[in-house]
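Below you'll find the structure I mean.
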Amino acid sequence: MANINTYRLVKKKYTKKPLDGSGGLHVEGRWHSKGKPIIYSSESIALAKMEILTRLGGERPPINNYSVFKFVFDEADMCRLKQSELPDQWDAWPHGEGTQIIGDDWIDQGKYLALSVPSATEPRERNILINPLHSKIRTVKATDIGLAMFDSRLFSKEKD
């Protein structure tokens, strides 16, 4: 089977363990309940950046604060959810429990290393969730490919 490449922006202080998923233990997300280790990644660097910017609410990320990690794993270890399989309002903000139940069940069942889901910020693109508790997590190749760069024009104010 083919390999899948996904991307994640990792804060510099966490780059020694990019696959531990411990952030999910402390905060909930669209696809998991608080207390569930999980790794959110995206099918492109651009989408990974958009997801971070959405979380920051339009604030500019601190310069040199994020590294871009590339994760590579076997496509056979991934399940893909279609939009038609998701609950109504799956992309609403704030997110509801429906998507968390899906993600929690996927983690608990442990059948697949990764789960491909549509991005709430751009549903035609995909986010890839990785289960750090899965037995095949050791097969994921994680590579720091450099600093995440954000164009300053994204944060300049419009002039009338």
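Read-outs: derived from the displayed coordinates by stated rules, not from any lab. Remember, predicted model here, so these are calculated numbers, not experimental data. Glycine also receives a Cβ, built like all others from the backbone with ideal geometry; neighbour counts cover every protein chain displayed.
Strictly over 26 Å apart at the Cα level, which of 34/111; 12/111; 36/141; 36/70; 11/136 would you flag in this model?
Working: 34/111 21 Å; 12/111 31 Å; 36/141 22 Å; 36/70 22 Å; 11/136 24 Å.
Violating the 26 Å Cα-Cα cut-off are 12/111.
Just the Kirkwood number for segment 1-54, please: inverse of mean 1/r across all distinct Cα pairs, in Å, one decimal. Kindly include the intermediate steps, with their values, before the conclusion.
Details: mean 1/r = 0.0824 Å⁻¹.
Result for segment 1-54 stands at 12.1 Å.
Is segment 83-141 rounded, prolate or oblate when judged by the Cα gyration tensor, a ≥ b ≥ c being the square roots of its eigenvalues, rounded requiring a/c under 1.5 and prolate requiring a/b larger than b/c?
prolate
What distance in nm separates the two pseudo spin-label positions at residue 22 and residue 121, each 7 Å out from Cα along the beta-carbon direction?
2.5
So what is the 222 nm mean residue ellipticity for the chain from helices alone, if each DSSP H run of at least 4 adds -39500 (n - 2.57) and you divide by all residues, rounding to the nearest 500 deg cm²/dmol? If you can, show how the numbers build up before the last one.
Numbers: 3 runs with 29 residues, N = 160.
It comes out at -5500 deg cm²/dmol, rounded to the nearest 500.
I've got another one for you. Starting from segment 12-120, pick out the trypsin sites (Lys or Arg not before Pro) whose DSSP state is loop and whose Cβ has at most 12 other Cβ atoms within 10 Å. Present the calculation step by step, with values, prior to reporting the outcome.
Numbers: sites: 12, 13, 16, 30, 34, 49, 55, 70, 80, 82, 111; in loops: 16, 30, 34, 82, 111.
Within segment 12-120, the qualifying trypsin sites (Lys or Arg not before Pro) (loop, at most 12 other Cβ atoms within 10 Å) are 16, 34, 82, 111.
If a/c stays under 1.5 just call it rounded; otherwise compare a/b with b/c (prolate if a/b is bigger, oblate if not). Do that for the chain, with a ≥ b ≥ c from the square roots of the Cα gyration tensor eigenvalues.
Numbers: a/c = 1.70, a/b = 1.26, b/c = 1.35.
Verdict is oblate for the chain.
How far, in degrees from 0 to 90, does helix 97-109 lean away from the longest principal axis of the Cα atoms of the chain, to the nearest 10?
The helix 97-109 is inclined about 50 degrees to the chain.
Which one, 110, 23, 58, has the greatest fluctuation when you compute a Gaussian network model over the chain with C-alpha springs under 10 angstrom?
Highest fluctuation among the options: 58.
Still on this model: Using alpha carbons only, how many degrees (0 to 90, rounded to 10) separate the axis of helix 45-56 from the longest principal axis of the chain?
70
Shifting gears a bit: For Cα pairs less than 8 Å apart in space and 6+ apart in sequence, what is the mean separation divided by the residue count of the chain, i.e. the relative contact order in percent?
Working: 283 pairs, mean separation 50.7, N = 160.
Once divided by the residue count of the chain, the mean separation gives 32 percent.
Using a simple charge model, +1 on the beta-carbon of Lys and Arg, -1 on the beta-carbon of Asp and Glu, nothing else, what dipole does segment 1-127 show about its Cα centre, in debye to the nearest 20? Mind dumping the intermediate values first?
Working: 18 positive and 17 negative charges, 152 e Å.
Result for segment 1-127 is approximately 720 debye, rounded to the nearest 20.
Under a crude label model (7 Å from the Cα following the beta-carbon direction), how far is residue 80 from residue 153 in nanometres?
3.3
Looking at segment 89-160, which chymotrypsin sites (Phe, Trp or Tyr not before Pro) are DSSP coil and have at most 12 other C-beta atoms within 10 Å of their C-beta? Provide the component values of the computation, followed by the final result.
On the way: sites: 90, 106, 112, 150, 155; in loops: 90, 112, 150, 155.
Taking segment 89-160 and a limit of 12 other Cβ atoms within 10 Å, the loop chymotrypsin sites (Phe, Trp or Tyr not before Pro) found are 155.
Please arrange 32, 26 by counting, for each residue, the other beta carbons lying within 10 Å of its beta carbon, fewest first.
Numbers: 32 26, 26 8.
Arranged by neighbour count, lowest to highest, 32, 26 become 26, 32.
I'd like the distance between the alpha-carbon centres of segment 9-81 and segment 82-160, rounded to an integer number of Å.
7
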